[in-house]
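Asker: Input: one structure, supplied below.
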C-alpha cells in the first residue's frame, strides 16, 4: 500500500504528494476543459503512467538479463473522446530503444511492456497502440485493440 495525498489548491490546480518520498506533483485542467494547461492534467497522468510503466517494467526485465536499456524512450499520445462524457479513448505509444539490444531479447521486452501493471489496469474501452523501434532494425508493431462494449 502506498499513500498519496491530493489537495485542490484553486483555479483548477491540484497538488499530489507521494507520502513515502515526499515528492510532489502539480496538475491543471487542460486548455480544452476550462484549464490553462500549465501542468499535467489528470488524463495526461494516465498516459504518462502507461509510458513510464512500460519503461520501468522493461528496465526490470533488462537488468535481470544484463541488458543496458538506459536511454530508451516512450513517446505517448493521448486521444480524448469528442463527445461527453470526456474520457481517454486511445493511447498511441512509441518505444525507442538504444542500440545494442540483442535480437533474441527483444520479444521478452515487448511481452513485459504489454503486460505491465498500468496496461492491465486500463479499461477495455481504451484502444492502445504500441510500436517498438530499434535503431538497428527489426522494429515491432503491436496493436492492442480493445473492442468498445
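Asker: In whole Å, what is the distance between the alpha-carbon centres of the stretch 33-52 and the stretch 73-134?
Answerer: About 16 Å separates the Cα centre of the stretch 33-52 from the one of the stretch 73-134.
Asker: Relative to the longest principal Cα axis of the chain, at what angle does helix 42-64 sit, 0 to 90 degrees, rounded to 10?
Answerer: Relative to the chain, helix 42-64 is tipped by roughly 30 degrees.
Asker: As a footprinting exposure proxy, order 125, 44, 104 by other Cβ within 10 Å, with the fewest listed first. Mind showing how you got there, number by number?
Answerer: Values: 125 14, 44 17, 104 8.
Fewest to most other Cβ atoms nearby, the residues stand as 104, 125, 44.
Asker: For the chain, what is the percent of antiparallel DSSP beta bridges, rounded to the nearest 5? Before the final figure, lay out the partial values.
Answerer: Details: 24 of 32 bridges.
If I count the DSSP bridges inside the chain, around 75 percent turn out antiparallel.
Asker: Across the Cα atoms of the chain, what radius of gyration and what greatest pairwise Cα-Cα distance (Dmax) are found, in Å?
Answerer: Expressed in Å, the Cα Rg and Dmax of the chain come to 17.1, 51.
Asker: Does the stretch 22-63 classify as rounded, prolate or oblate by the C-alpha gyration tensor (a ≥ b ≥ c root eigenvalues; a/c under 1.5 gives rounded; else a/b over b/c gives prolate, otherwise oblate)?
Answerer: Values: a/c = 5.10, a/b = 2.35, b/c = 2.17.
Prolate.
Asker: Relative to the compact-globule scaling 2.2 N^0.38 Å, provide the ratio for the alpha-carbon radius of gyration of the stretch 55-97. Please report the intermediate quantities before stating the final value.
Answerer: Values: Rg = 15.2 Å, N = 43, 2.2 N^0.38 = 9.2 Å.
In units of the globular-protein estimate, the stretch 55-97 measures up at 1.65.
Asker: Here is a further query. Using only DSSP helix segments of four residues or longer, with each worth -39500 (n - 2.57), what per-residue ellipticity at 222 nm results for the chain after dividing by its residue count and rounding to 500?
Answerer: Values: 3 runs with 37 residues, N = 149.
When only DSSP H runs of four or more count, the value is -8000 deg cm²/dmol.
Asker: Based on other C-beta atoms within 10 Å, arrange 52, 88 from fewest to most.
Answerer: Details: 52 15, 88 21.
Ranked by crowding around the Cβ, least crowded first: 52, 88.
Asker: Over the stretch 46-144, what is the relative contact order in whole percent, taking alpha-carbon pairs under 8 Å and six or more residues apart? Can you show the working numbers first?
Answerer: Working: 149 pairs, mean separation 29.2, N = 99.
With pairs under 8 Å counted, the relative contact order is 29 percent.
Asker: At a 10 Å Cβ-Cβ cut-off, how would you order 97, 40, fewest neighbours first?
Answerer: On the way: 97 22, 40 16.
The fewest-first ordering by Cβ neighbours comes to 40, 97.
Asker: Taking springs between alpha-carbon atoms closer than 10 angstrom, which of 94, 38, 83 fluctuates most in the Gaussian network model of the chain?
Answerer: Comparing 94, 38, 83 in a Gaussian network model of the chain, the most mobile one is 83.
Laboratory data are not the source of any read-out in this text; all were calculated from the coordinates shown. Remember, predicted model here, so these are calculated numbers, not experimental data. FYI the Cβ positions are ideal-geometry reconstructions off the backbone, even for glycines, and counts take in every protein chain you see.
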